[in-house]
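Chemist: Here it is: the structure, laid out below.
The values are calculated or read from the model by the stated rules, or taken from the named source; none is laboratory data. These numbers were taken from a predicted model, which means no experiment stands behind them. Here the Cβ is made from the backbone with ideal geometry for all residues, glycine too, and neighbour counts use every protein chain on show. Protein only, heavy atoms only, side chains kept; ligands, DNA and RNA dropped before computing areas. Shrake-Rupley method; radii C 1.70, N 1.55, O 1.52, S 1.80 Å.
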Amino acid sequence: MSFPSTLTEAMSPTAEPKSDLLAKLSEVDRSMKVLGVFFTVCGLLWLMAGTLFALVASIKMHNVDFLGDSEFWTWGRVRSAHLNAMIYGWAFNVSFAVAPWIMARLCRTRVRFTNIFLFGGIFWNIGVVIGVYGILAGHKVGVEWLEFPAYVTPILALAFAFIGVWVILLFRWRQTGHVYVSQWYFLAAFFWLPWLYAMAQIMIVHEPARGVVQSLTNWWFAHNVLGLWLTPIAVGAAYYLIPKVLGRPIYSYYLSVIGFWALALFYNWAGVHHLIGGPVPAWVISAGTVASVMMVIPVIVVAINHHMTVVGLHREGWASPTIRFVVFGAINYTAVSLLGSAMALRSVNEITHFTHFTVSHSHHGVYSFFTMIMFGGIYYMLPRLLNREWPSAMLISLHWWTTAVGVTLMVIVLAIGGFIQGLQLNAIDPETETAAFEFLEVMRATIPYMVMRSLTGVLITIGHVAFFINIIWMLSRRAADGSESKPTLLTPGA
Amino acid sequence: MRSLPLLFLGVFFTIASSWVGIVLVSNIQLGGLEPATPELTDAEGNPIAGVFFEDPETGEMRLGLNQDGVEAWPVPLVGAAQRGKRVYEQMGCLYCHSQQVRRQGFGSDYERGWGERQSVARDYIHQERVMLGTMRTGPDLSNVGLRYSELWQHQHLFNPKITSRDSLMPRYAFLYEVRPISETRGPSPNAIEIPEDYHPGPGELEVIPTQRARDLVAYLMNLRQDYDLPEMRREQ
């Protein structure tokens, strides 16, 4: 293949002649149908369960007596049930739905042996059900992001082995010479995750390392689940969806190369900033801080690349549900990452560490960025898999407004509340040299923010219900009779 | 990207680098930590400042030795306290309470009386589950064993509002058995005193801690980092 053709093709998932491409892609889509629908539905169910846990946990933060006498529903467990249902349930399933589908399309190949993947997926979800139940029933592991009881590890590991092997096979079946940037991100993610998970399980849960080495491993793992799994999946999806929907190649191939390698190089060192000020060697923290600040490079690079692709097409973009969600997610990727780099600085971290600011930040990352891009992905994927359109544009619009506004308000409310909490916790009265605010005073000052958080949570829940209804409605409809091959668009006012 | 082997090598080496750097190297540095006496000595038994001394013969830096006949810290948790840690883990106390004191001048840990000194890696060597925590919805608990009585802890767990007005901490009343006072034997000696306003039935009912509540309180009473360690001699 000559250089220029490789380059333009590599830059664009839209470069082939249209009719050939459409024929090939619809064949790919047909072969991915069962898988895509299975993982979307599993993810959707986990999203609803995770939302329920989230509401209960949030209400308990200001109305402590809500379900107060139930051990099963005690706050410390519901909180973990929420996190694990959302990460291992929703985020993983939706990644398994969207990323391999995009991968198959970019490989231009009909997938084979889908039973391997399906089998892995069924096992994965069984593992997550047992895990979440185990947390609530009192078998949890007291390590953040690894709360599933130890007996779930083999199930999840086995399931992922099937899934990972299948994705590698899928890549080997590719019919194209070039490899598009989304594919690097997905391949890397599917390679990084098992490494992370295996190391964390061994060194923390099964053969615990000595003392705080566990904590270091913990934050190396937890931050990298975000950085080396969810982030590449979502960024890779955005790299596919934005040019695809807008019908315009990605702005710069070279920027995407730089962005990818800078992410690979820096992100995996960043996690230890969760331990700033803690009983761990200072050099680890310094390395983590440097890496966190260096993350500015891949983030800005990706931001420029996405922005320049969209620029001038805002009107068209706004009409497409996919672009609305994906661009919202991409903008928040920039915002959350820059904020994260700032939070890794010691002077900022001194205020934000241990407060609700961190909670704001993690929702900013996993929701405003990752989840919103995945919503966009599903809005694009499902009609193509099922060969029928979304039943209700109104529900899409409702989903969009409630989640976009809801999560933005939640992030802001928690950030402000957390920042004030941090300032008050740290304030020292210069005369007496004691804390300027009693602990209970600081705690009481957070209550209004906790109430507001629950309200924003209700807004987001409404959006999830709309999404749920729309998907179930779509699935229960008959296949298209050909009359509705037009994509669902939103009117500018909706 | 046309060179797939390059992609795979890059992807492999990036994660390997952070794994080696963060996990493996700190394991080499910290994995061998042992309990230590407040002061260490050199090979001849002379006290040294800090953790290392220079071997007079080879000029190498060597780890100091524990003093003879002096208790080395930290000591492992045993019995009820060890079991109580499991309860702490299962209830998710970790998500509201940290167990790490930061140095004086960084935050207000010292001024709040959460600890007289900074926590160091050696404090955690016996813990097969380290729960440093990332959230302070409630106070740091590294030294909470030094602050309150057992009765206070029981009352607080039964209903945090008894001891702390408006507390946002959930109540753990399900760790207590509320039962009628025996008519023949009278009140149980194990019953905990609960102020009238919070009592489920003053005069008729009594509140007895279950095994789990007693274990948990034993754990809390054992949370303390008030011993001296050799590294403190240098860092302060």
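Chemist: Can you tell me how many residues in the stretch B:170-218 are assigned to a strand (DSSP E or B), among the charged types (D, E, K, R) and under 27 Å from B:ARG147 (Cβ atoms)?
Modeler: Selection size over the stretch B:170-218: 2.
Chemist: Being farther than 30 Å from B:ALA121 by Cβ, at the interface with chain B (Cβ under 9 Å from one of its Cβ atoms) and open to solvent by 10 Å² or more (accessible area, probe 1.4 Å) is the filter here, so list the residues in the stretch A:173-207 that pass it.
Modeler: Residues satisfying the conditions are A:GLY177, A:HIS178, A:PHE191.
Chemist: Here are A:TRP261, A:TRP229, A:TRP220: which of them is in a helix (DSSP H, G or I), more than 23 Å from A:MET372 (Cα to Cα) and open to solvent by less than 10 Å² (accessible area, probe 1.4 Å)?
Modeler: So the residue among A:TRP261, A:TRP229, A:TRP220 that is in a helix (DSSP H, G or I), more than 23 Å from A:MET372 (Cα to Cα) and open to solvent by less than 10 Å² (accessible area, probe 1.4 Å) is A:TRP220.
Chemist: Does the stretch A:48-61 hold any residues that are farther than 17 Å from A:ALA137 by Cα and within 10 Å of chain B (Cβ to nearest Cβ), and which are they?
Modeler: A:LYS60, A:MET61
Chemist: Now for a different question. Would you call A:SER31 surrounded by fewer than 19 Cβ atoms within 10 Å (Cβ to Cβ) and outside any loop (DSSP other than H, G, I, E, B)?
Modeler: Taking the combined requirement at face value, the residue satisfies it.
Chemist: Name the one entry in A:ILE250, A:ILE202 that is closer than 25 Å to A:ALA104 by Cβ and β-branched (Val, Ile, Thr).
Modeler: Numbers: A:ILE202 fails: closer than 25 Å to A:ALA104 by Cβ.
When all the criteria are applied, what remains is A:ILE250.
Chemist: Still on this structure, I have one more. Kindly indicate the residue of the stretch B:86-104 that is more than 7 Å from every other protein chain (Cβ to nearest Cβ), not hydrophobic (A, V, I, L, M, F, W, C) and not in a loop (DSSP other than H, G, I, E, B) and also most open to solvent (accessible area, probe 1.4 Å) among those meeting that condition.
Modeler: B:ARG86
Chemist: I'd like to verify a number: residues in the stretch B:105-119 that are at the interface with chain A (Cβ under 8 Å from one of its Cβ atoms), open to solvent by less than 20 Å² (accessible area, probe 1.4 Å) and under 15 Å from A:ILE276 (Cβ atoms), how many?
Modeler: Of the residues in that region, 3 qualify.
Chemist: Considering A:PHE354, A:PHE325, which residue is open to solvent by less than 10 Å² (accessible area, probe 1.4 Å), within 17 Å of the chain's Cα centre (by Cα) and aromatic (Phe, Trp, Tyr)? Steps first, answer last, please.
Modeler: Working: A:PHE354 fails: within 17 Å of the chain's Cα centre (by Cα).
Selected residue: A:PHE325, the only one of A:PHE354, A:PHE325 that is open to solvent by less than 10 Å² (accessible area, probe 1.4 Å), within 17 Å of the chain's Cα centre (by Cα) and aromatic (Phe, Trp, Tyr).
Chemist: Restricting attention to the stretch B:14-55, which residues are surrounded by fewer than 18 Cβ atoms within 10 Å (Cβ to Cβ), touching a Phe, Trp or Tyr at 6+ places or on another chain (Cβ under 7 Å) and within 14 Å of another protein chain (Cβ to nearest Cβ)?
Modeler: Within the stretch B:14-55, B:PRO35 is the sole residue that qualifies.
Chemist: Testing A:LYS140 on (1) part of a helix (DSSP H, G or I); (2) open to solvent by less than 10 Å² (accessible area, probe 1.4 Å); (3) within 14 Å of chain B (Cβ to nearest Cβ), one condition comes back false. Which one is that?
Modeler: (1)
Chemist: Among the residues of the stretch A:226-248, is there at least one that is within 21 Å of B:GLN29 (Cβ to Cβ) and of a type in the set (Phe, Trp, Tyr)?
Modeler: So far as the stretch A:226-248 goes, no, none of its residues is within 21 Å of B:GLN29 (Cβ to Cβ) and of a type in the set (Phe, Trp, Tyr).
Chemist: In addition: Examine the stretch A:146-157 for a residue that is small (Gly, Ala, Ser), within 23 Å of the chain's Cα centre (by Cα) and open to solvent by less than 10 Å² (accessible area, probe 1.4 Å), and state whether such a residue exists. Lay out the reasoning, then the answer.
Modeler: We begin by selecting, within the stretch A:146-157, every residue small (Gly, Ala, Ser); these are A:150, A:157.
Remaining after also requiring within 23 Å of the chain's Cα centre (by Cα): A:157.
Checking which are open to solvent by less than 10 Å² (accessible area, probe 1.4 Å) leaves us with none.
The answer is no, given that none of the residues of the stretch A:146-157 is small (Gly, Ala, Ser), within 23 Å of the chain's Cα centre (by Cα) and open to solvent by less than 10 Å² (accessible area, probe 1.4 Å).
Chemist: Quick test of your reading of the structure: B:VAL144 fulfils all but one of (1) over 18 Å from B:PRO200 (Cα atoms); (2) within 8 Å of chain A (Cβ to nearest Cβ). Name the failing condition by number.
Modeler: (2)
Chemist: Just the residues that are among the hydroxyl-bearing types (Ser, Thr, Tyr) and in contact with a helix residue (DSSP H, G or I) (Cβ under 7 Å, 6 or more places away or on another chain), please, taken from the stretch B:122-136.
Modeler: Within the stretch B:122-136, just B:THR134 meets the criteria.
Chemist: A further question follows. Every residue in the stretch A:62-92 that is open to solvent by 10 Å² or more (accessible area, probe 1.4 Å), of a type in the set (A, V, I, L, M, F, W, C) and either within 16 Å of A:TRP145 (Cα to Cα) or at the interface with chain B (Cβ under 9 Å from one of its Cβ atoms) (or both), please.
Modeler: A:VAL64, A:TRP75, A:LEU83, A:MET86
Chemist: Looking only at the stretch A:148-198, how many residues end up being in a loop (DSSP other than H, G, I, E, B), touching a Cys at 6+ places or on another chain (Cβ under 8 Å) and of a type outside the set (A, V, I, L, M, F, W, C)?
Modeler: Start the filter on the stretch A:148-198 by keeping residues that are in a loop (DSSP other than H, G, I, E, B), which leaves A:148-149, A:173-180.
Retained after the next criterion (residues that are touching a Cys at 6+ places or on another chain (Cβ under 8 Å)): A:173-176.
Then keep just the ones that are of a type outside the set (A, V, I, L, M, F, W, C); that gives A:174-176.
Qualifying residue count, the stretch A:148-198: 3.
Chemist: Follow-up question, since we're still on this one. Please work out which residue is nearest to the other protein chains (Cβ to nearest Cβ), limiting yourself to the stretch B:76-85 and to residues that are open to solvent by less than 70 Å² (accessible area, probe 1.4 Å) and on the phi < 0 side of the Ramachandran plot. Walk me through how you get there before you give the answer.
Modeler: Residues of the stretch B:76-85 open to solvent by less than 70 Å² (accessible area, probe 1.4 Å): B:77, B:79-81, B:84-85.
Still in the running and on the phi < 0 side of the Ramachandran plot: B:77, B:80-81, B:84-85.
Numbers: B:LEU77: 14, B:ALA80: 18, B:ALA81: 16, B:GLY84: 13, B:LYS85: 9 Å.
This residue is B:LYS85.
Chemist: I want to confirm something. Restricting to the stretch B:152-163 and keeping residues that are free of Cβ contacts under 8 Å to residues at least 24 places away in the same chain and open to solvent by 20 Å² or more (accessible area, probe 1.4 Å), which single residue is farthest from A:ILE447 (Cα to Cα)?
Modeler: B:TRP152
Chemist: Between A:ARG210, A:ARG315, which is in contact with a Leu (Cβ under 7 Å, 6 or more places away or on another chain), among the basic types (Lys, Arg) and surrounded by fewer than 23 Cβ atoms within 10 Å (Cβ to Cβ)?
Modeler: Details: A:ARG315 fails: in contact with a Leu (Cβ under 7 Å, 6 or more places away or on another chain).
Every option except A:ARG210 fails the conditions.
Chemist: Moving on. Evaluate the following for A:VAL245: is it within 23 Å of the chain's Cα centre (by Cα), assigned to a helix (DSSP H, G or I) and at the interface with chain B (Cβ under 9 Å from one of its Cβ atoms)?
Modeler: no
Chemist: Against the condition open to solvent by 20 Å² or more (accessible area, probe 1.4 Å) and under 24 Å from the mean Cα position of the chain (by Cα), how does A:LEU44 come out, does it pass?
Modeler: For A:LEU44, the condition - open to solvent by 20 Å² or more (accessible area, probe 1.4 Å) and under 24 Å from the mean Cα position of the chain (by Cα) - is not met.
A quick yes/no check of all residues on (1) modelled with pLDDT under 95; (2) under 16 Å from B:HIS97 (Cα atoms):
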site	(1), (2)
B:PRO139	no, yes
B:SER149	no, no
B:SER182	yes, no
B:ARG212	no, no
B:GLU231	yes, no
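Chemist: To continue, here is another question. Are any residues in the stretch A:264-290 at the interface with chain B (Cβ under 8 Å from one of its Cβ atoms), open to solvent by less than 30 Å² (accessible area, probe 1.4 Å), within 27 Å of A:VAL94 (Cβ to Cβ) and not hydrophobic (A, V, I, L, M, F, W, C), and if so, which ones?
Modeler: Hits for the stretch A:264-290 are A:ASN268, A:GLY271.
Chemist: Mind counting the residues in the stretch A:440-458 that are buried (at least 18 other Cβ atoms within 10 Å of the Cβ) and either of a type outside the set (S, T, N, Q) or over 17 Å from A:VAL64 (Cα atoms) (or both)?
Modeler: Matching residues across the stretch A:440-458 total 8.
Chemist: If you don't mind, there's one more thing I want to ask. Looking at the stretch A:424-434, which of its residues are exposed (fewer than 15 other Cβ atoms within 10 Å of the Cβ) and under 38 Å from the mean Cα position of the chain (by Cα)? Show your work before the answer.
Modeler: If we filter the stretch A:424-434 for residues that are exposed (fewer than 15 other Cβ atoms within 10 Å of the Cβ), which is where we start, we get A:427, A:429-434.
Within the stretch A:424-434, just A:ALA427 meets the criteria.
Chemist: Also, I was wondering about something else. Could you look through the stretch A:328-351, keep only residues that are among the β-branched types (Val, Ile, Thr) and farther than 23 Å from B:THR137 by Cβ, and pick out the one that is least open to solvent (accessible area, probe 1.4 Å)?
Modeler: So, considering only residues that are among the β-branched types (Val, Ile, Thr) and farther than 23 Å from B:THR137 by Cβ, the one least open to solvent (accessible area, probe 1.4 Å) is A:THR334.
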